[in-house]
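S.K.: Let me give you the structure first, and then I'll get to my questions.
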Amino acid sequence: MADVTRKGEEFTVDAGIIADGLGLPEHAIARAMSTGAITTRTERGEGEDEGRFRLSFFHRDKVLRLTVDAKGNILSRARFSR
């Protein structure tokens, strides 16, 4: 599987990418997402950012933000505390 795949308006991100970005073990990602310990937000670019999407993953005080193009290629990654 590619790091990020897109089907319509839905994106699937490889668990290893999320784990690395949030400082969690990869095996814990699916459970953390299903229990709501990790939440997400997807934003669509407008204007000069048309065709780009920002995928944000939140866990406690940590945030992983991926900017991807329409094909799911990762253009940038940011990790920070909120």
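The values are calculated or read from the model by the stated rules, or taken from the named source; none is laboratory data. The model shown is predicted, which means the values in this text are computed figures rather than measured ones. Note that we place each Cβ from the backbone using ideal geometry, even for glycine, and neighbour counts take in every protein chain shown.
S.K.: When you check Thr67 against the structure, is it under 10 Å from the mean Cα position of the chain (by Cα), under 16 Å from Thr12 (Cα atoms) and surrounded by 14 or more Cβ atoms within 10 Å (Cβ to Cβ), yes or no? Before the answer, list the steps.
M.R.: Values: under 10 Å from the mean Cα position of the chain (by Cα): yes; under 16 Å from Thr12 (Cα atoms): yes; surrounded by 14 or more Cβ atoms within 10 Å (Cβ to Cβ): yes.
Criteria met by Thr67.
S.K.: Further question on the same structure: From the set of residues in the stretch 1-23 that are surrounded by 14 or more Cβ atoms within 10 Å (Cβ to Cβ), out of contact with any helix residue (DSSP H, G or I) (no Cβ under 7 Å at 6 or more places or on another chain) and among the hydrophobic types (A, V, I, L, M, F, W, C), which is nearest to Leu64 (Cα to Cα)?
M.R.: Selected residue: Leu22.
S.K.: Which of the residues spanning the stretch 64-82 are of a type in the set (A, V, I, L, M) and free of Cβ contacts under 8 Å to residues at least 40 places away in the same chain? Before you say what the answer is, go through the steps one by one.
M.R.: As a first pass, look at the stretch 64-82 and keep what is of a type in the set (A, V, I, L, M): 64, 66, 68, 70, 74-75, 78.
Within the stretch 64-82, Leu75, Ala78 meet the criteria.
A quick yes/no check of all residues on (1) among the β-branched types (Val, Ile, Thr); (2) farther than 19 Å from Thr12 by Cβ:
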position	(1), (2)
Ile38	yes, no
Gly47	no, yes
Arg52	no, no
Leu55	no, no
Phe58	no, no
Leu75	no, no
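S.K.: On to the next question. Quick one: in the stretch 26-38, of everything that is in contact with a helix residue (DSSP H, G or I) (Cβ under 6 Å, 6 or more places away or on another chain) and farther than 11 Å from Val63 by Cα, which residue is surrounded by the most Cβ atoms within 10 Å (Cβ to Cβ)? First the steps, then the outcome.
M.R.: Here is the first cut: in the stretch 26-38, the ones in contact with a helix residue (DSSP H, G or I) (Cβ under 6 Å, 6 or more places away or on another chain) are 26, 29, 38.
Narrowing further to those that are farther than 11 Å from Val63 by Cα: 26, 29.
Working: Glu26: 13, Ile29: 22.
Of everything passing the filter in the stretch 26-38, Ile29 is surrounded by the most Cβ atoms within 10 Å (Cβ to Cβ).
S.K.: Would you say Arg77 is surrounded by 13 or more Cβ atoms within 10 Å (Cβ to Cβ) and of a type in the set (D, E, K, R)?
M.R.: It is true that Arg77 is surrounded by 13 or more Cβ atoms within 10 Å (Cβ to Cβ) and of a type in the set (D, E, K, R).
S.K.: Do you know which residues across the stretch 1-38 are in a helix (DSSP H, G or I) and either modelled with pLDDT under 95 or touching a Pro at 6+ places or on another chain (Cβ under 9 Å) (or both)?
M.R.: Initial filter on the stretch 1-38 (in a helix (DSSP H, G or I)): 15-22, 26-34.
Result: Ala19, single match.
S.K.: Here is a follow-up. Where the second residue is surrounded by 11 or more Cβ atoms within 10 Å (Cβ to Cβ) and β-branched (Val, Ile, Thr) and the first is in contact (Cβ under 8 Å) with a residue 24 or more places away in the chain and closer than 17 Å to Asp3 by Cβ and lies in the stretch 21-38, which pairs have Cβ atoms under 8 Å and are six or more apart or on separate chains?
M.R.: So the pair list comes out as Leu22/Ile38; Leu24/Ile18.
S.K.: Any residue at all in the stretch 39-50 that is touching a strand residue (DSSP E or B) at 6+ places or on another chain (Cβ under 8 Å), modelled with pLDDT of 95 or more, surrounded by 12 or more Cβ atoms within 10 Å (Cβ to Cβ) and among the small types (Gly, Ala, Ser)?
M.R.: So far as the stretch 39-50 goes, yes, one or more of its residues are touching a strand residue (DSSP E or B) at 6+ places or on another chain (Cβ under 8 Å), modelled with pLDDT of 95 or more, surrounded by 12 or more Cβ atoms within 10 Å (Cβ to Cβ) and among the small types (Gly, Ala, Ser).
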